[in-house]
Amino acid sequence: MENEQNMEIEEYIKGELLYTIFHNDIEHFSIAKVKILETNVKYDEKEIVIKGYFSNLQEGTVYRFIGQVEKHPKFGTQYNVSSYHTFIPDTKDGLISYLSSDMFYGIGKKTAKKVVEHLGESAVSKILNDPNILSSIPGLKKEAATTITKTLQENQGFEHVVVFLAKYNIGLKMAQKIYEQYKDEAIDILLDDPYRFVFDIDGFGFQTADEIARKNGISLTSPNRIGAGCIYILQKSVGDGHVFLPLSACVDDVMLLLQNAEEPLTDNQISDTLEGLNTEKKVIIHNGNVYLPSLYYAEDGFASSLKRLIASPIEENTTLADLMKIIGDIEEEEILSYGKEQFAAIEQALKSKLMILTGGPGTGKTTVIKGIIKAYAEIHKLSTDPQAYEHKADFPFVLTAPTGRAAKRLTESTGLPAVTIHRLLGWNGSEGFEKDEHEQLDGKYLIIDEFSMVDIWLANHLFKAVPNDMQVLIVGDEDQLPSVGPGQVLTDLLENNRIPKVSLHEVYRQKDGSKIIQLAHAIKNDSCSMELLDNDQDFSFINCREHHVVHVITQVFEKAMNKGVDVRDIQVLAPMYKSQAGITLINNALQALINPKSKDKREVKGNDVVFRIGDKVIQLVNQPEDNVFNGDIGEVVAIFEEDENVEHVEQLVVSFDDREVVYERKDYINLMHAYCISIHKSQGSEFPIVILPIVSTYHRMLRKNLIYTAITRGKQSLIICGEKQAFFKGIQTLDTNKRYTSLKEQLSERLVGIPDIDNASEDDHEISPYDFM
């Protein structure tokens, strides 16, 4: 029995569960209606809606809920539950009713009465303390005893853990994860070694474990504390893009985290702990570097896949003369003329198992991709029309990109279907990828665009699924931002001389007078001058200070709207969320201008953000079950109230190009307004009109590759507003945040025996047959 006196200062509701409104089987989140039997909450109604994370709520069962009353502007009063337990009656009749309820499948009143009469009013606690006690009851069947014991352990055990963890401010959702991992051992583990949670429970932070350990008197020099600190430091380094940390740097960072005056630590203690973790395979120490195992094996696996692919033979039956004729025919058909670099790129791609194509905006990467596809199809007598193939898997060309917008752009530029890498591999969330080394991709030629965005985890998964008879073209711009995730895969590949690569330098779109292209290449080549910031037909620089940025941007939008410009074609990009010129304030101002509050327009509020029908929004996390991924931009097209759908929950519907995705309230955190988005989120996308604020308060973020990435998102027009001094300081500041990766070394070791490739540059003057075309 719970000591109720301990809970008198807490708000509680004792009530009978009437029915469940909503339940998520994966996260165990539930919304339910409860009949109030007893409470100390100031609430006059007889029923209330509760919400929280629960193990197994049963209709008709009485529970005691601890939590807080919340008043929702649309759904009224709700009770947000932080902990709960099943109410165990303290009378014999009540216990009999409880043990014969629907919760105990197959147990009738006769059996329940037998148990209560034999064990008394403390029957439940006796069974939980000693399950074998049921065997002492005459005539009680073994199956019935097993059902009673198992049901009590599953329900009372979890609830006991929830109540105990609540003392340490651990919420129901995390309590669910902990109980699923450890069951009834959870409390003992928490008291003896809370640092174990850091290793075993996703999302359980080191600081939380450290606080619990201090409360329970665990030594500050405990090996478990040092080990958890090591893991925390390595996990934190992944956020900075590192694949590993040098052993000495790892020791130093752990020392900074754990050092204290009460029980001083030594470097040797940390080094010894790391060696122990290495023995247990919780970290990998290799060549003086410390890795999380997933990253070590990702680099190792990716390097192995590249070696396997490059070492596989390729049938090269086309002579240079034949290729020149094929290219000539394509030029006539497309009414274009390939440059020398472009011809070299097409030739190299057709004769290589793997090739990297790089180049800035306007250098014709798309033209080369289309040329490779047409030439490959002509050489192998294949159709480039997907409809010409009876089975989808027979289509030879596989086009992919890291984001939905990048894939859509690849489709638009080539006329062929392209999908995200996650979709190509059949990612289904927690269960991983359907395509791997055992079930590889179909097709003959794989083209991966925007490869600078691909981190080492994704690169490993993708190349495991590439069969030996497939050719691969990697396309990217090495001057853009590196991947958000760990590694710098494109950079490391480009530094290997055994991988064929062609870099395009000649700018074609600049001949059409594109100021955006001029500016991008000037930044790329460190030759940007003040004159380049003069206004032009596709470029403007508006001078303003930080506190004027939001006003200037709204004025630009107002003028565009007055001229009939579709505001969906305008995208604001900024490097920071918080500041007077940050993403949050810009979004608020633009929503008020473009999609203001109206009595005729529905809206909902989630996580301090108001979403209205018509709002432009961006997806913040991968959601493979709905085929929507991080960075996808859509529009809110509908909002439904609880009584307007069969699920009886509030819903928000977002249209993403060719599909609509339904969000429930708990999922609103996965969305934010997209009138202004971060430059990092814009990678892989192009927008007709880009507005880019650049002011000195961004100084911590302003780097050459960040500004270059932002500028190259503009397709037709670019407007920079801010301070020219901040702009020039930014493009002159290199990203000095060195990423620790070992892919370059891995490839050098793996590709031994494969001859170096003479990757021709624009400075090479060796005469080729192309010179006579």
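The values are calculated or read from the model by the stated rules, or taken from the named source; none is laboratory data. Just so it is clear, the structure is predicted and the values come from calculations on it, not from any experiment. Cβ sites come from the backbone with ideal geometry, for glycine too, and all protein chains shown count toward neighbours. Accessible surface is based on the protein model in full, side chains and every heavy atom, while ligands, DNA and RNA are left aside. Shrake-Rupley method; radii C 1.70, N 1.55, O 1.52, S 1.80 Å.
Need one word for the stretch 181-270: rounded, prolate or oblate. Basis is the Cα gyration tensor (sqrt eigenvalues a ≥ b ≥ c); a/c below 1.5 gives rounded, then a/b vs b/c decides.
Numbers: a/c = 2.49, a/b = 1.30, b/c = 1.92.
Judged from the Cα gyration tensor, the stretch 181-270 comes out oblate (a/c at least 1.5, b/c at or above a/b).
What's the angle, to the nearest 10 degrees (0 to 90), between helix 206-215's Cα axis and the longest principal axis of the chain?
Tilt of helix 206-215: around 30 degrees.
Summarise the accessible area of the chain (1.4 Å probe, protein heavy atoms) by the percent that is carbon and sulfur. Numbers along the way, then the final one.
Details: 17290 of 36590 Å².
About 47 percent, which is the carbon plus sulfur part of the accessible surface.
Which residues among the stretch 425-463 fall inside the zone where the amide N is under 18 Å from a point 7 Å beyond the Cα of Ala311, along Cα→Cβ?
437-438, 463
Which pairs, out of Lys351/Lys524; Lys307/Lys370; Lys704/Lys724, put more than 18 Å between their alpha-carbon atoms? Please report the intermediate quantities before stating the final value.
Values: Lys351/Lys524 30 Å; Lys307/Lys370 27 Å; Lys704/Lys724 14 Å.
As for pairs spanning more than 18 Å Cα to Cα, those are Lys351/Lys524; Lys307/Lys370.
Determine the shape class of the stretch 576-684: with a ≥ b ≥ c the square roots of the Cα gyration tensor eigenvalues, call it rounded for a/c under 1.5, and otherwise prolate if a/b is greater than b/c, oblate otherwise. It would help to have the intermediate numbers written out before the result.
Working: a/c = 1.93, a/b = 1.24, b/c = 1.56.
Cα axes put the stretch 576-684 in the oblate bin.
What is the distance in Å between the Cα centres of the stretch 651-704 and the stretch 372-405?
31
When the chain is fully extended, how far beyond the present Cα-Cα distance does Asp184 get from Leu140, taking 0.36 nm per residue of separation?
Values: separation 44, 0.36 × 44 = 15.84 nm, distance 2.56 nm.
My answer for the length gained is 13.3 nm.
If I fit a long axis through the Cα atoms of helix 247-258 and take the longest principal axis of the Cα atoms of the chain, what angle between them do I get, 0 to 90°, rounded to 10?
Once rounded, one gets 40 degrees.
Return the calculated 222 nm mean residue ellipticity for the chain, to the nearest 500 deg cm²/dmol, obtained by summing -39500 (n - 2.57) across DSSP H runs with n ≥ 4 and dividing by the residue count.
Working: 26 runs with 281 residues, N = 773.
Calculated at 222 nm, the ellipticity per residue is -11000 deg cm²/dmol.
Does anyone have the angle between helix 515-524 and the longest principal axis of the chain? Alpha-carbon axes, 0 to 90°, nearest 10?
Helix 515-524 and the main axis of the chain meet at about 80 degrees.
Please give the peptides 458-467, 282-291 ranked by average Cβ packing (other Cβ atoms within 10 Å per residue), highest first, as a rough proxy for protection.
Details: 458-467: 22.2, 282-291: 17.9.
The peptides rank, most packed first, as 458-467, 282-291.
Rounded if a/c is under 1.5, else prolate if a/b beats b/c, else oblate: with a ≥ b ≥ c from the C-alpha gyration tensor eigenvalues square-rooted, which is the stretch 445-550?
Values: a/c = 2.83, a/b = 1.92, b/c = 1.47.
It is prolate, given that a/c is not under 1.5 and a/b is the larger ratio.
Using θ = phi - 60° and the Karplus relation 6.51 cos²θ - 1.76 cosθ + 1.60, list the HN-Hα couplings for the stretch 602-613 in order, rounded to whole Hz, with x at every Gly or Pro.
Rounded to whole hertz, the list is 6, 8, 9, 10, x, 6, 6, 10, 9, 9, 10, 4.
Per residue, how large is the accessible surface of the chain? Use a 1.4 angstrom probe and give square angstrom.
Normalised by residue count, the accessible surface of the chain is 47 Å².
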